[in-house]
1. Per residue, how much space in cubic angstrom lies within the convex hull of the C-alpha atoms of region 317-444?
2. What is the ratio of the Cα radius of gyration of region 66-118 to 2.2 N^0.38 Å, where N is its residue count, to two decimals?
3. Rounded to whole Å and ordered largest first, report the semi-axes of the equivalent ellipsoid of region 20-124 derived from its Cα gyration tensor (root of 5λ).
4. Any idea what % of Cα-Cα pairs in region 367-439 are farther than 16 Å?
5. Taking Cα atoms, how many degrees apart are the long axis of helix 212-224 and the longest axis of the chain, rounded to 10 and kept between 0 and 90?
6. At residue 239 and residue 25, where each label point lies 7 Å from the Cα along Cα→Cβ, what is the point-to-point distance in nanometres?
7. Averaged across orientations, what area in nm² does the convex hull of the alpha carbons in region 221-339 project?
8. Would you mind ranking 236, 241, 439 by Cβ crowding within 10 Å, fewest neighbours first?
């Protein structure tokens, strides 16, 4: 059997099983993953720098899969396209990881790539993933792939081809920005994270991540299938070293087969309602409630509306149309504003506070509707599904999808929205713009 020996053990990670287990035990905060994913994005630096981020993300990798494709960038060999390994197995401190040689050959044929064992000899971007895989999925086999100058769409097509088999999973190996001061790195990496989380890689630059091709391939695959990447961590080497002068950025994400807001509803509804209520309570008691120990997904940018009712009557509703700040901050501020700053109502009183019922709407990104006539616009609206934003010069207004319950007729719906925007009765304009969005609804 042709076994690839470790090259980075004792350098990037401990070279013996006991020390490695002790390190992983320190990484384990007891958090149990609430989703089984088959695609993760993880960093590949030394474990003292990025091991915590990687460990937090590997928790979400589906433990039932049998084969794991590893897409990693080549640092030591100049490559054009992808290469595979001719090794039968790879050594780790936890034991041997076998290569699925049949799948590896199938991948090579699909991608038209060659065997190049020399590229694997010192490559840390791939090797550092192996102990995690052996630890979390001891019986899985791997399909190790290195790439250089490669079109990300080829990797997206490869993921699409082999993702069809639910026994297959994918590890995308990549660090983020390199050697900026920490404040600059944080801005760059947050920008990169938003591109990953919004499935928008149109302006993704190679300098944003050393595994940019792998990331863009995974995000392109997610976009084509209406999936989304959920953040597990975003940090820099300064967390470990304390040196903020020249840092490397690290992030972790797992693929969710659906919409991010649906994931949030399924897992954090109670927490969001609690946050909204405590935000309002802080306003009544002249205090503050800064949420702590947040799930990373709530620190992603998001747009929310918070609606208050007393005895089924509206008592306040304020929100954001566009995601322009972390969701948890948006929710916290909108809850406070719905109680105390909605111009249609007096500020909420202490006596009313126990009576309120809170509902939260999490908004998707609005999409422009192309139309020539209002009838064409109405034809494209889906009652009870679409929210609507209209805008024309200084006029603007929004209706959430829940408004369809009061205004089920499309014409009445649009006319009422015009009135809300302050437009005159039967207002007509050739410059009217419209945007639709959907919401995930969370009710107390």
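1. In region 317-444, the Cα convex hull volume per residue is 124 Å³.
2. Values: Rg = 11.7 Å, N = 53, 2.2 N^0.38 = 9.9 Å.
So region 66-118 has a normalised radius of gyration of 1.18.
3. 27, 17, 13
4. Cα-Cα pairs of region 367-439 separated by over 16 Å account for 41 percent.
5. Rounded to the nearest ten degrees, it is 50.
6. The modelled label-to-label distance comes out at 2.2 nm.
7. On the way: hull surface 40.6 nm².
If I average the Cα hull's projected area over directions, I get 10.2 nm².
8. Lowest count first: 241, 439, 236.
Each reported figure results from applying straightforward, stated rules to the coordinates on display, with no laboratory input. Please read all numbers here as calculations on a predicted model, not as lab measurements. When we count neighbours, we look across all protein chains shown, and the Cβ atoms used for this are built from the backbone with ideal geometry, even at glycine.
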